[in-house]
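One structure is given below, encoded as structure tokens.
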Number of protein chains: 2
Amino acid sequence: MSFRERVPEYSRRIEKVLDRWLPAADKPPPRLHAAMRYAVLGGGKRLRPLLIYAAGETLGVPAERLDGPAAAVEMIHTYSLIHDDLPAMDNDDLRRGRPTCHKAFDVATAILAGDALQVLAFLILAEDPSMTVLPAARVEMIRSVAVASGSTGMAGGQAMDLAAAGKSLGLAELELMHIHKTGALIRASVLLAAQGLPGLAVEKRTALDRYAKCAGLAFQIRDDILDVEGETTALGKQSGADAALNKPTYPSVLGLEESHRRARDLHHAAVDALVPFGEAAEPLAWLSEYIVTRSN
Amino acid sequence: MSFRERVPEYSRRIEKVLDRWLPAADKPPPRLHAAMRYAVLGGGKRLRPLLIYAAGETLGVPAERLDGPAAAVEMIHTYSLIHDDLPAMDNDDLRRGRPTCHKAFDVATAILAGDALQVLAFLILAEDPSMTVLPAARVEMIRSVAVASGSTGMAGGQAMDLAAAGKSLGLAELELMHIHKTGALIRASVLLAAQGLPGLAVEKRTALDRYAKCAGLAFQIRDDILDVEGETTALGKQSGADAALNKPTYPSVLGLEESHRRARDLHHAAVDALVPFGEAAEPLAWLSEYIVTRSN
């Protein structure tokens, strides 16, 4: 059975895990908790959790040990979407096929829901009993997620994105922005599966990191392509949003054809990096293929 | 020498620690890092760090082991001020005697600066080498700060605060809001000093917690009183802001005189709680007195 056939099972799994960690919608303050649940449980590809579970299969780590990290990373990702969609940022009305959090609730509640989801991620990493790792490994995981999310990671990438609106960037600057904005958390996701495995050979850890870097960048190129080629209905968010905000993207810097080629090349490089794992890496190889062929 | 005389030394100490943890203002993305530095290094009473150092003196924990927790809590506190001041929240223009972060920069940068400060707090707790505690204690500290900051702590309190604008609350509801909004992080601050001390008697831990609860609530009552009685210049923020937003406060619910009495009573209860520590608790007793007599 290929990983692709197990995706629906993992998708159900992560929904349950996310639901369990989110406070009940009637727990005070109810509006905040309702907004957190609305944003997190409103669909989404769950790519980062899937990357964690896929890396876990490749490394032989049981899924229950990865539920916590998967939920934590998805909380961080969702908080970043809520804040990026705010009127002062990208001002998006549509996300995952539904009104954005600040449209469904209000701006203040959306800001707080993002804040509370970010901290929930660290709470999960600090207390999830199923992770069954030594406290030192738990600390290391918290550190990785913090670095990937902070001012020199995801939040920094969003700041670079805002600063780039209306400017023309070179390819190197564009890549730097995306390595921060989406690459850092994707990379951290893959590596989280390997933390708490002190016996893992350095060669394999390096291979995973190389895979994650390539797949992360390929993801963003595909995202930029879909913003041009995709339909709003399939995307679940407004297509053409980058152009409307006059944001530099891979298609605007490289052209569409070259962007497609670059995404493909990165996919091949990601798969090549997996050689040390042999056939056990099929889940990660499949996800890399999915990343560059997805339609939303 | 009393704790009061050591406050200037601790104030210099925490400024240095905060400065060291904040990314340099020219490190990319520079605007984000400048905003983080502006907000954190813009003065402030540093009450939470002082509570941590004072609790450390009471318990015999060296200050260098508490620099990390003190910085982490102040990062969280500052992020909450940045977000609470936003136009969609309390819409304040003045904070710590200067333009608020979104006035000095812009709303998007202020949102991201808050986000990045929150995650920096967890990074500090995860990696500060001076803390010299076992990884399990580090995890426990991260968990405490996460609980105190999240949707059932500080962020939840801010949501309750927003929901209360224009409503008339009873005393119990008002207290519940403040126990979340300011009480949770103050309580966590005091208890952080005691984490990593497995030998501490339960009686003393309970006493510290009781002190922290009383001092935290007294702090908020004093805050509400100052919003009525204080001058904008001394406060460093707009006085009368609560009334302008039609927010329920202790003076609006209890009247000014009764609010003063309640703050005093809580101060006495806080000091009474310190009995098990004897004279070693002078720093915490002094801070409690300061909390109910301060003019900003």
Checked B:137, B:126, B:146, B:116 against criteria (closer than 19 Å to residue B:42 by Cα and among the hydrophobic types (A, V, I, L, M, F, W, C)); the one match is B:116
Only listed residue being touching a residue at least 60 places away in the same chain (Cβ under 8 Å), closer than 30 Å to residue A:57 by Cβ and not in a loop (DSSP other than H, G, I, E, B), chosen from A:234, A:263, A:269: A:234
The residue that is farthest from residue A:249 (Cα to Cα), considering only those in segment A:163-184 that are under 19 Å from the mean Cα position of the chain (by Cα) and within 10 Å of chain B (Cβ to nearest Cβ), is A:180
Scanning segment A:246-286 for residues that are β-branched (Val, Ile, Thr) and more than 20 Å from the chain's Cα centre (by Cα) gives A:253, A:275
If a residue has to be assigned to a helix (DSSP H, G or I) and either farther than 24 Å from residue A:62 by Cα or in contact (Cβ under 8 Å) with a residue 60 or more places away in the chain (or both) to count, how many in segment A:7-46 make the cut? 13
Being surrounded by 20 or more Cβ atoms within 10 Å (Cβ to Cβ) and within 16 Å of residue B:189 (Cβ to Cβ) is the filter; apply it to segment B:4-39 and report the residue that is farthest from the other protein chains (Cβ to nearest Cβ). B:10
Within segment B:237-284, tally of residues that are of a type in the set (A, V, I, L, M) and buried (at least 21 other Cβ atoms within 10 Å of the Cβ): 7
Residues B:220, B:238: which one is under 22 Å from residue B:255 (Cα atoms), touching a strand residue (DSSP E or B) at 6+ places or on another chain (Cβ under 7 Å) and not aliphatic (A, V, I, L, M)? B:238
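Residue by residue, here is whether (1) modelled with pLDDT of 95 or more; (2) within 17 Å of residue A:111 (Cα to Cα); (3) under 15 Å from the mean Cα position of the chain (by Cα) holds:
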| site | (1), (2), (3) |
| --- | --- |
| A:8 | yes, no, no |
| A:17 | yes, no, no |
| A:22 | yes, yes, no |
| A:29 | yes, yes, no |
| A:32 | yes, yes, no |
| A:37 | yes, yes, no |
| A:43 | no, no, yes |
| A:49 | yes, no, yes |
In segment B:87-146, what residues are among the charged types (D, E, K, R) and within 30 Å of residue A:126 (Cα to Cα)? B:115, B:127, B:128, B:138, B:140, B:143
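Does residue B:79 satisfy being modelled with pLDDT of 95 or more, surrounded by 23 or more Cβ atoms within 10 Å (Cβ to Cβ), within 20 Å of residue B:215 (Cβ to Cβ) and among the aromatic types (Phe, Trp, Tyr)? Don't jump to the end; show me each part of the working.
On the way: modelled with pLDDT of 95 or more: yes; surrounded by 23 or more Cβ atoms within 10 Å (Cβ to Cβ): yes; within 20 Å of residue B:215 (Cβ to Cβ): no; among the aromatic types (Phe, Trp, Tyr): yes.
Considered against the rule, which asks whether it is modelled with pLDDT of 95 or more, surrounded by 23 or more Cβ atoms within 10 Å (Cβ to Cβ), within 20 Å of residue B:215 (Cβ to Cβ) and among the aromatic types (Phe, Trp, Tyr), residue B:79 comes out as no.
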Test residue B:203 against the stated conditions and say whether it is modelled with pLDDT under 95 and in a helix (DSSP H, G or I). no
Looking only at segment B:70-83, and only at residues there that are under 23 Å from residue B:166 (Cβ atoms) and touching a Lys or Arg at 6+ places or on another chain (Cβ under 9 Å), the one that is farthest from the other protein chains (Cβ to nearest Cβ): B:81
On the given criteria, is residue A:232 closer than 30 Å to residue A:134 by Cα, among the polar types (S, T, N, Q) and surrounded by fewer than 22 Cβ atoms within 10 Å (Cβ to Cβ)? no
Quick check, is residue A:120 under 20 Å from the mean Cα position of the chain (by Cα) and surrounded by 24 or more Cβ atoms within 10 Å (Cβ to Cβ)? yes
Taking segment B:234-280 as the region of interest, how many residues are of a type in the set (Val, Ile, Thr) and more than 14 Å from residue B:217 (Cα to Cα)? 2
Consider residue A:67 against the criteria (1) over 18 Å from the mean Cα position of the chain (by Cα); (2) acidic (Asp, Glu); (3) more than 14 Å from chain B (Cβ to nearest Cβ); (4) more than 27 Å from residue A:165 (Cα to Cα): it satisfies all of them except one. Which criterion is unmet? (1)
Which one is surrounded by the most Cβ atoms within 10 Å (Cβ to Cβ) among residues in segment B:141-150 that are facing chain A (nearest Cβ under 8 Å) and of a type outside the set (A, V, I, L, M)? B:149
Restricted to segment A:106-119, and to residues that are at the interface with chain B (Cβ under 7 Å from one of its Cβ atoms) and among the aliphatic types (A, V, I, L, M), which residue is farthest from residue B:153 (Cα to Cα)? A:107
Filter segment A:208-225 for residues that are touching a Lys or Arg at 6+ places or on another chain (Cβ under 8 Å) and either surrounded by fewer than 21 Cβ atoms within 10 Å (Cβ to Cβ) or assigned to a loop (DSSP other than H, G, I, E, B) (or both) and give the result. A:209, A:213
Considering only segment A:151-162, state which residues are within 7 Å of another protein chain (Cβ to nearest Cβ) and either aliphatic (A, V, I, L, M) or surrounded by fewer than 24 Cβ atoms within 10 Å (Cβ to Cβ) (or both). A:152, A:155, A:159, A:160, A:162
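Yes/no matrix, rows are residues, columns are (1) among the aliphatic types (A, V, I, L, M); (2) touching a Phe, Trp or Tyr at 6+ places or on another chain (Cβ under 9 Å); (3) at the interface with another protein chain (Cβ under 7 Å from one of its Cβ atoms); (4) under 29 Å from residue A:56 (Cβ atoms):
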residue	(1), (2), (3), (4)
A:85	no, no, no, no
A:93	no, no, no, no
A:98	no, yes, no, no
A:104	yes, yes, no, no
A:121	yes, yes, no, yes
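The values are calculated or read from the model by the stated rules, or taken from the named source; none is laboratory data. Since we're looking at a predicted model, the values are computed, not measured. We place every Cβ from the backbone using ideal geometry, glycine too, and count neighbours over all the protein chains shown.
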